[in-house]
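The values are calculated or read from the model by the stated rules, or taken from the named source; none is laboratory data. In this text the structure is predicted, and so the values were computed from the model without any measurement. Because the Cβ atoms are built from the backbone with ideal geometry, glycine has one as well, and the counts that use them run over all protein chains shown. Protein only, heavy atoms only, side chains kept; ligands, DNA and RNA dropped before computing areas. Shrake-Rupley method; radii C 1.70, N 1.55, O 1.52, S 1.80 Å.
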Amino acid sequence: MSDRDSWISNLGFVLAAVGGAAGLGNIWRFPWLTAGNGGSAFLIVYLLVVVGIGVPGLLAEFVLGRCGRQTPTAALRSLTGSRWGSWLGAFNVLTTLVILSFYSVVGGWILRYTLVSPVGTYFGQPQQYFGAMSFGLEAVAFHLLFLGIVAAIVFFGISNGIERVSKVMLPGVVIILLGLAVWTATQPGTAAGYAFYLSFDAEYLAANFLSVIGPAAGQALFTLSLGAGVMLTYASYLDDNASLPRDTLVIAVSNTFIGVLAGLVVIPLLFSQGVDPGQGGPGALFVALATAFATLPGGELVATAFFVTVLMAAVTSGISLLETPVATLVDSFGVPRRRATVLVSVLLAATGSGLALTSSVFQFVSGTLADLMLTVGLFAFTVIVGWLLRGDALAEFRAGTARFEWLAKPWLLTVSWVLPVVVLFLLTNTLASLAGISVGLGGRVIIAVIGTVALAVVVRNGSRTDRLSSH
Ligand code: TRP
């Protein structure tokens, strides 16, 4: 495996991983969810979930990647010593294809908004503009263009493509966002927005905690790119010198910082224009922001800077999603990288075009289906790390660092017991709403706890039998 590509530097890995994590989820989904779920209340719950669930989960995915040194199918097969591992890896690859199919359609919208913002084409009628371009043949064309950009980077590989581009684009995103945040602070009428976003409202939180926790947890997992084997793949290009706990912390903090920063731009801006940011969901935010830009002095410039930022963030996330299926063809089937990139891109061109033509399917895929696949994937990762690998996982945690030693055992405990319960709880939410059944909160908690314990017994017995029969 010595001819396998790898990161030039640990910094390159960290920047690429933050670039992969920080994307539409941070700049587009996060402010919209925050605004729709009580502002500061959502922010606090989200931060707690990132620390309590996101960070240990991300570390688990990194441990699997570096321990397995392969893309998901081969890595999980060798780590579990079972065919189930390959199936799970294949499921991961499918998940990245599903997510990138819709991600690339939204990326196409962003690309289009970036191109027309300098002349403010949509300023006159933001609502109609969005409605006319979001689905249909033009949406297909921009989806293909966005996918082409992403593919062109992955084509050149880890060190020459992904690492190089991430090193430029990620700092670019942070710098422009900082500039926009400062500019926003100088705008009149933003005070109410800051208050809504930043002031801690204990009463709202107490009254709505249960309705906030679901979206907050879902967002924490999506924004950290957990559950699809993408972070696993990135970590497979690392060597033993890297400190996984340290890198995980840096990546999670930076990613959260970018989300919070985006909120500092979007939420006060919307408030200053009297636009209710919680109204009407994701499409409406596109429209609402566009309305705000249209009424601001120098709106074209601000809009352009904003969409360039979103575009760069979306591209660095898109490449992380494309890398997993491409690298799988390279690692497991010996297809040369360039050919693999073309093959996977042609497939995605087709699936994404399908979604760009049918908004109903798009909504299902980008919402329920993506959530479902990511939670199933993450659940399987916690099972493998927490119940099967255990000692090996601890050793991988410790390799390359002595500094976080004291965290190793508490981390494993969290991955073995807290994560599966929480993830199963989220899964019950999604499945129940899919089936149109209403399960009370207590019911969901009970299902999650009992399900976790039952599965733990099955998995541990199963792995013991496997080991006995292989002797
Ligand atoms: N985290 C990215 C965002 O916030 C999206 C993303 C990239 C992703 N890779 C992923 C989400 C893997 C889930 C799984 O936009």
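Being surrounded by fewer than 19 Cβ atoms within 10 Å (Cβ to Cβ) and either over 18 Å from Gly189 (Cα atoms) or out of contact with any Gly (no Cβ under 6 Å at 6 or more places or on another chain) (or both) is the requirement here; does Pro297 meet it?
Here the answer is yes, as Pro297 does meet what is asked.
Pairs, please: C-beta under 7 Å, at least 6 apart or cross-chain, first residue open to solvent by less than 70 Å² (accessible area, probe 1.4 Å) and in segment 201-212, second assigned to a helix (DSSP H, G or I)?
Hits for this filter: Asp201/Ser40; Asp201/Ala41; Leu205/Ala41; Leu205/Ile44; Asn208/Ala41; Val212/Ala41; Val212/Phe42; Val212/Val45.
Of the residues Val182, Val93, Val98, Val106, which single one is within 22 Å of Val266 (Cβ to Cβ), part of a helix (DSSP H, G or I), of a type in the set (A, V, I, L, M, F, W, C) and in contact with a helix residue (DSSP H, G or I) (Cβ under 8 Å, 6 or more places away or on another chain)?
It is Val106.
Return the pairs, sorted by first residue and then second, in which the second residue is in a loop (DSSP other than H, G, I, E, B) and open to solvent by 10 Å² or more (accessible area, probe 1.4 Å), the first residue lies in segment 226-246 and is at positive phi and more than 10 Å from the ligand (Cβ to nearest atom), the beta carbons are less than 6 Å apart, and the residues are 6+ apart or on different chains.
none
Quick one: which helices (runs of 4 or more DSSP H) lie wholly within segment 356-471 and hold at least 2 residues that are at pLDDT below 90?
Counting at least 2 such residues, we get 419-435, 441-469.
Return yes when Phe123 is under 18 Å from Phe307 (Cβ atoms), touching a residue at least 12 places away in the same chain (Cβ under 8 Å), open to solvent by less than 50 Å² (accessible area, probe 1.4 Å) and not in a helix (DSSP H, G or I) and no when it is not.
It is true that Phe123 is under 18 Å from Phe307 (Cβ atoms), touching a residue at least 12 places away in the same chain (Cβ under 8 Å), open to solvent by less than 50 Å² (accessible area, probe 1.4 Å) and not in a helix (DSSP H, G or I).
Quick check on my filter: what residues within segment 436-455 are open to solvent by less than 70 Å² (accessible area, probe 1.4 Å) and of a type in the set (A, V, I, L, M, F, W, C)?
Residues satisfying the conditions are Val439, Leu441, Val445, Ala448, Val449, Ala454, Leu455.
Give the residues of segment 387-398 that are open to solvent by less than 60 Å² (accessible area, probe 1.4 Å) and touching a residue at least 24 places away in the same chain (Cβ under 8 Å), sorted by residue number.
Trp387, Leu388, Leu389, Ala393, Glu396, Phe397, listed by residue number.
Can you pull out the residues in segment 10-37 that are in a helix (DSSP H, G or I), within 13 Å of Val174 (Cα to Cα) and within 13 Å of the ligand (Cβ to nearest atom)?
Scanning segment 10-37 gives Val18, Gly19, Asn26, Ile27.
List the pairs whose first member sits in segment 214-225 and is closer than 14 Å to Phe42 by Cβ and more than 7 Å from the ligand (Cβ to nearest atom), whose second member is in a loop (DSSP other than H, G, I, E, B) and open to solvent by 20 Å² or more (accessible area, probe 1.4 Å), and whose Cβ atoms are under 7 Å apart, counting only residues at least 6 apart or on separate chains?
Partner pairs satisfying both residue conditions: Pro215/Asn37.
Quick one: is Thr401 buried (at least 19 other Cβ atoms within 10 Å of the Cβ) and either hydroxyl-bearing (Ser, Thr, Tyr) or under 16 Å from Gly377 (Cα atoms) (or both)?
no
So which residues in segment 128-187 are over 23 Å from Ser101 (Cβ atoms) and polar (S, T, N, Q), if there are any at all?
Gln128, Ser159, Asn160, Thr184, Thr186, Gln187
In segment 317-337, which residue that is more than 17 Å from Asn92 (Cα to Cα) and surrounded by 15 or more Cβ atoms within 10 Å (Cβ to Cβ) is farthest from the ligand (Cβ to nearest atom)?
Here the residue is Val335.
Is it the case that Leu76 is at pLDDT 95 or above, assigned to a helix (DSSP H, G or I) and in contact with a helix residue (DSSP H, G or I) (Cβ under 6 Å, 6 or more places away or on another chain)?
yes
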